[in-house]
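Notes follow once the structure below has been shown.
The values are calculated or read from the model by the stated rules, or taken from the named source; none is laboratory data. None of these values were measured; they are calculated from a predicted model. As a convention, Cβ positions derive from the backbone with ideal geometry for all residues, glycine included, and neighbour counts pool all protein chains shown.
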Amino acid sequence: MNMSKYDLNNFELLTKTINEQKDTPQYQIEIEGLLNVYPQCFGYFQILMKIMSPEAFLSMIELQISRSSYCRQTWETYLYFAENSEDKETFSTDTLAALYKAALQNIGSEWLSGSLWVRYFDLLSEYDLDYQRDEAFWFLTQILYLKDLSSFYETFTRKFQFTADQLTEIKQFQIQNQTMYEKIKDNEQVLEKRSFFHFKSLATSILNSIQSLIPIYKSDFKQLIRLYYIAYPSERLRQRIVANLCKMDSNDIKSFLALHLQSNQNQQLSPESRFTDHCVNFILTKCFDSFFTYILQQQNSLIVVSFLNFMKLNGVQIEQFKTPILENLTYLKQGEAEVIACFDLTMEEILMMIEKFCKRNCDCLVVKIVQTCEAEELIEFFTGTVYEEIIKQEIRKRNWMIAEMY
């Protein structure tokens with residue numbers, strides 16, 4: 001069978017084939033290639049571990065950790081291997097504690113990471129009490145989304161003698177984290193049914209839960225990346241998540257965005273998804289020539305508005321795009337008026353644009369001109385149009401507000 005790492009619907013077939021033909025090198029090559037592009041595809045990583053030689057096992061886990069450091073299941077596999085290794089010299093208590101801490105720095109805030117914290121503090125019981133207390137304070141003063149979080153506050157504040165100032169700080173985080181816990185618990189409980197990345201279709205309940213969690217986690221790129229991989233079969237949700245990630249700036253996010261582009265290369269995507277890919281490419285290269293060519297080919301005004309807002313967000317002067325974009329409009333649709341409203345326009349330019357629309361389908365431009373024009377001019381300009389009555393109402397409202405000020 002000729003397996004392709006971009007054929008995403010063959011998981012069951014691959015599993016069956018591997019079970020029947022163990023130790024098949026061609027599959028190992030294909031899966032390793034797939035994991036380069038989809039590093040949190042833990043189901044495939046599990047298959048890979050079955051067909052690898054024991055000698056190569058540790059190096060493969062370490063490679064997988066390096067490319068999917070935000071995948072809880074990969075860390076769990078690594079930690080289980082380390083704890084059960086017969087090589088106690090390599091995996092001493094100090095080494096295990098360091099591995100657990102590295103894991104928790106990457107995935108410790110996640111909903112299902114509570115057991116890893118428990119095991120970490122079990123290991124620390126061999127250390128002096130001051131160090132244990134310092135680590136407990138570090139833990140209790142983080143943003144955490146753990147399902148069993150309240151038990152940790154009770155246990156550690158009872159076990160360790162924190163100062164009054166430390167207890168005040170811990171309490172602040174406890175309140176903040178408890179508030180977040182209440183927001184996410186119902187949706188995260190739904191996601192427990194599907195807590196790692198694979199290609200099967202998403203149940204409606206999972207789709208809805210991810211959709212609810214995206215705005216809650218909008219500033220936490222580790223949680224957004226986790227949701228991205230769980231949501232992989234839903235192109236719409238992936239694009240929403242990537243749009244949030246595009247607003248952030250870190251090398252970790254740039255590495256992830258580069259993977260996103262790579263994974264999309266061989267897929268048939270909608271124009272909206274291609275738009276997001278152009279945003280990602282801009283984040284990585286700061287080159288918008290091809291992006292702008294793509295925008296000028298779009299008939300969807302919302303994509304053009306999104307482009308202009310995205311460029312503003314990234315500090316690019318959008319006035320340089322004004323002439324070619326306006327030349328590309330038909331002056332027929334409401335969405336085109338939204339495009340025009342993105343630019344800085346004089347009163348005369350706005351009036352000219354409204355006339356190009358034949359004084360129809362340009363509500364946002366009318367709103368803009370109401371804020372700048374004199375009342376008499378407006379009434380005269382819009383007499384006999386669909387906006388005449390609206391303008392009169394706005395003028396009356398303005399006059400009432402002025403009268404109330406005096």
Looking at S68 and the list (1) without any contact (Cβ under 8 Å) to a residue 12 or more places away in the chain; (2) in contact with a helix residue (DSSP H, G or I) (Cβ under 8 Å, 6 or more places away or on another chain); (3) small (G, A, S), which single condition is not satisfied?
(1)
Among the residues of region 145-164, write down those that are among the acidic types (D, E) and surrounded by 13 or more Cβ atoms within 10 Å (Cβ to Cβ).
D148
Would you check which residues across region 284-301 are among the aromatic types (F, W, Y) and not in a helix (DSSP H, G or I) and list them?
F288
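Condition test on S255, is it modelled with pLDDT under 85, assigned to a helix (DSSP H, G or I) and within 26 Å of L34 (Cβ to Cβ)? Working first, answer last.
On the way: modelled with pLDDT under 85: no; assigned to a helix (DSSP H, G or I): yes; within 26 Å of L34 (Cβ to Cβ): yes.
Here the answer is no, as S255 does not meet what is asked.
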For region 366-378, indicate whether the set of residues that are under 18 Å from E394 (Cβ atoms), loosely packed, with under 15 Cβ neighbours inside 10 Å and in contact with a helix residue (DSSP H, G or I) (Cβ under 7 Å, 6 or more places away or on another chain) is non-empty.
yes
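Whether any residue in region 56-77 is at negative phi and more than 32 Å from the chain's Cα centre (by Cα) is what I want to check.
Initially, region 56-77 is screened for residues at negative phi, giving 56-77.
Applying the additional criterion that residues be more than 32 Å from the chain's Cα centre (by Cα) yields 56.
Yes, region 56-77 contains at least one residue that is at negative phi and more than 32 Å from the chain's Cα centre (by Cα).
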Note down all Cβ pairs under 7 Å where the first residue falls in region 79-90 and is hydroxyl-bearing (S, T, Y) and part of a loop (DSSP other than H, G, I, E, B), the second is at pLDDT 85 or above and surrounded by 10 or more Cβ atoms within 10 Å (Cβ to Cβ), and they're at least six residues apart or on different chains.
S85/F91
May I ask you to say which residue of F357, F310 is of a type in the set (A, V, I, L, M, F, W, C), touching a residue at least 60 places away in the same chain (Cβ under 8 Å) and within 30 Å of C279 (Cβ to Cβ)?
F310
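Take the conditions among the hydroxyl-bearing types (S, T, Y), over 29 Å from L34 (Cα atoms) and modelled with pLDDT of 95 or more and apply them to T157. Does it pass? Reasoning before the result, please.
Details: among the hydroxyl-bearing types (S, T, Y): yes; over 29 Å from L34 (Cα atoms): yes; modelled with pLDDT of 95 or more: no.
So T157 does not fit the description; no.
Determine, yes or no, whether Y232 is modelled with pLDDT under 90 and among the aromatic types (F, W, Y). Even if it seems obvious, please write down each step before you answer.
Numbers: modelled with pLDDT under 90: yes; among the aromatic types (F, W, Y): yes.
The answer is yes for Y232.
Every residue, every condition in (1) part of a helix (DSSP H, G or I); (2) within 20 Å of L227 (Cβ to Cβ); (3) touching a residue at least 24 places away in the same chain (Cβ under 8 Å); (4) under 18 Å from the mean Cα position of the chain (by Cα), yes or no:
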residue: T155; (1), (2), (3), (4): yes, no, no, no
residue: R158; (1), (2), (3), (4): yes, no, no, no
residue: E169; (1), (2), (3), (4): yes, no, yes, no
residue: Q174; (1), (2), (3), (4): yes, no, yes, no
residue: F197; (1), (2), (3), (4): no, yes, yes, yes
residue: L202; (1), (2), (3), (4): no, yes, yes, yes
residue: S205; (1), (2), (3), (4): yes, yes, no, no
residue: N208; (1), (2), (3), (4): yes, yes, no, yes
residue: I214; (1), (2), (3), (4): yes, yes, yes, yes
Positions within region 176-218 being of a type in the set (V, I, T), out of contact with any Leu (no Cβ under 7 Å at 6 or more places or on another chain) and surrounded by 17 or more Cβ atoms within 10 Å (Cβ to Cβ), in sequence order:
V190
Working carefully through the options E404, E394, find the one that is more than 25 Å from E336 (Cα to Cα) and modelled with pLDDT under 80.
E404
Take the residues in region 317-339 that are part of a helix (DSSP H, G or I) and aliphatic (A, V, I, L, M); name whichever of them is farthest from E355 (Cα to Cα).
I318
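This table checks each residue for (1) charged (D, E, K, R); (2) out of contact with any Asp or Glu (no Cβ under 8 Å at 6 or more places or on another chain); (3) assigned to a helix (DSSP H, G or I).
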position: T276; (1), (2), (3): no, yes, yes
position: C279; (1), (2), (3): no, yes, yes
position: F282; (1), (2), (3): no, yes, yes
position: I303; (1), (2), (3): no, no, yes
position: K312; (1), (2), (3): yes, yes, yes
position: G315; (1), (2), (3): no, yes, no
position: F343; (1), (2), (3): no, no, no
position: M353; (1), (2), (3): no, yes, yes
position: K359; (1), (2), (3): yes, yes, no
